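Visitor: If you scroll down you'll find the structure; I have some questions about it.
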Amino acid sequence: MSTPSASTARQLDPASVSAWLRRLARSPEAPWLHAEVARRMAERLEFIRVKPEVVLDWWAFGGASTELLLKAYPEARHLAVEPTAALQERSRHATAAPWWSARRWRGPSVALVAPQDVAPSSVQLLWANMMLHAVVDPSALMAQWQRLLAAEGFVMFSCLGPGSLRALHELHVLQGWGPPLADFVDMHDLGDMLVQAGFADPVMDQEVLTLSWDSPEALLNELRALGANASPQRFAGWRTPRWRARLHDALRALARPDGRIYLDFEIAYGHAFKAAPRAPLAAETRVSVEDMRAMVRGKSSRG
């Protein structure tokens, strides 16, 4: 793993991220929000003219995109990368075709691989849905993606943006508690990281999705499935039942007249191409007098 640079590294508690990945591996399916964002991102594929021969799904199980990618590119070779051995095994079971499926008799639809086993410049589409916000150094990861992509290949990704869960942030500030989650990277900064990683023509946009729950318990259960509080500034000790009751009361106070609690999630989308390599320009070019005369004669004859 690359060492995070001072300019791009985020402050994340690795133990909290690991705990979330373990919970994700035990889940029967990816979070609903991840699947919904995958569906929205897949709608954008119809505007991409490149038809990839190799599709690489980064953190496939949590991204909930396997069937969408198989449907979009049925003739492509599909690869998947997972962050842990447990998630690799979970993904293996999730992507296995049932015995009655025609896909089963054509062989595995998705090959699980380690990142180091993917050949450089061998992938035409690198897809990463709802995982970049769990990475310490997104810029270093983008540079890795750029190395794996073939010329004219493209990356598509989505992640949570800084407008997510603002009401929850404000609640914690009002109560004097630590932050409820780590900060997210602004989409403009993500675009700058794409350029620094060597991508061309990055396009970034965002939308806000609003989810609602009928109780604090349902809200907190879904937030735990979506991630962990990976902020190093979070409260370090165990929370007491009394604190949890205060949290539930504070969340109930956020309810609208219909009795439901609403929270916003900012979703950042990005895509960019790997430009074809250009021949390097020499620092100095030498032209003989004869060549100069020939060039001048050529210009005169065309004029």
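Visitor: Given the criterion touching a residue at least 40 places away in the same chain (Cβ under 8 Å), within 24 Å of Leu211 (Cβ to Cβ) and under 14 Å from the mean Cα position of the chain (by Cα), identify the matching residue among Ala64, Ala42.
Guide: Details: Ala42 fails: touching a residue at least 40 places away in the same chain (Cβ under 8 Å).
Criteria check complete, one pass: Ala64.
Visitor: While we're here: What's the total number of residues in region 30-59 that are over 18 Å from Ala268 (Cβ atoms), of a type outside the set (Gly, Ala, Ser) and surrounded by 13 or more Cβ atoms within 10 Å (Cβ to Cβ)?
Guide: 9
Visitor: Could you grab me the full set of residues in region 122-140 that are of a type in the set (A, V, I, L, M), on the phi < 0 side of the Ramachandran plot and touching a residue at least 60 places away in the same chain (Cβ under 8 Å)? If you could, list the steps in order and put the result at the bottom.
Guide: If we filter region 122-140 for residues that are of a type in the set (A, V, I, L, M), which is where we start, we get 123, 125-126, 128, 130-132, 134-136, 140.
Those still in the list that are on the phi < 0 side of the Ramachandran plot too: 123, 125-126, 128, 131-132, 134-136, 140.
Within region 122-140, Val123, Leu125, Leu126, Ala128, Met131, Ala134, Val135, Val136, Ala140 qualify.
Visitor: Let me ask something additional. Being more than 19 Å from Gln11 (Cβ to Cβ), within 24 Å of the chain's Cα centre (by Cα) and without any contact (Cβ under 8 Å) to a residue 24 or more places away in the chain is the filter here, so list the residues in region 157-191 that pass it.
Guide: Across region 157-191, the qualifying residue is only His188.
Visitor: For Pro232, all conditions in the list (1) farther than 20 Å from Leu132 by Cβ; (2) out of contact with any strand residue (DSSP E or B) (no Cβ under 8 Å at 6 or more places or on another chain) hold save one; what is the number of the exception?
Guide: Failing condition for Pro232: (1).
Visitor: To continue, here is another question. Of the residues in region 224-249, how many are over 14 Å from Pro179 (Cα atoms) and either part of a helix (DSSP H, G or I) or modelled with pLDDT of 95 or more (or both)?
Guide: Total meeting the criteria: 11.
Visitor: Take Val17 and tell me if it is at pLDDT below 95, in a helix (DSSP H, G or I), within 17 Å of the chain's Cα centre (by Cα) and surrounded by 14 or more Cβ atoms within 10 Å (Cβ to Cβ).
Guide: Details: at pLDDT below 95: yes; in a helix (DSSP H, G or I): yes; within 17 Å of the chain's Cα centre (by Cα): yes; surrounded by 14 or more Cβ atoms within 10 Å (Cβ to Cβ): yes.
Judged against the criteria, Val17 is a match.
Visitor: Which count do you get for residues in region 74-97 that are modelled with pLDDT under 95 and among the basic types (Lys, Arg)?
Guide: Matching residues across region 74-97 total 2.
Visitor: Here is a further query. In region 130-160, which residues are small (Gly, Ala, Ser) and surrounded by fewer than 21 Cβ atoms within 10 Å (Cβ to Cβ)? Give the steps one after another, and end with the answer.
Guide: Going residue by residue through region 130-160, those that are small (Gly, Ala, Ser) are 134, 139-140, 143, 150-151, 153, 158.
Hits for region 130-160 are Ala140, Ala143, Ala150, Ala151.
Visitor: Look through region 195-227, keep the residues that are among the charged types (D, E, K, R) and under 17 Å from the mean Cα position of the chain (by Cα), and return whichever of them is farthest from Gly259 (Cα to Cα).
Guide: Just the residues of region 195-227 that are among the charged types (D, E, K, R), to begin with: 201, 205, 207, 214, 217, 222, 224.
With under 17 Å from the mean Cα position of the chain (by Cα) added as a condition, the list becomes 205, 207.
Details: Asp205: 32, Glu207: 25 Å.
Ranking the candidates gives Asp205 first.
The values are calculated or read from the model by the stated rules, or taken from the named source; none is laboratory data. What you are looking at is a predicted structure, and each value in this text was computed from that prediction instead of being measured. FYI the Cβ positions are ideal-geometry reconstructions off the backbone, even for glycines, and counts take in every protein chain you see.
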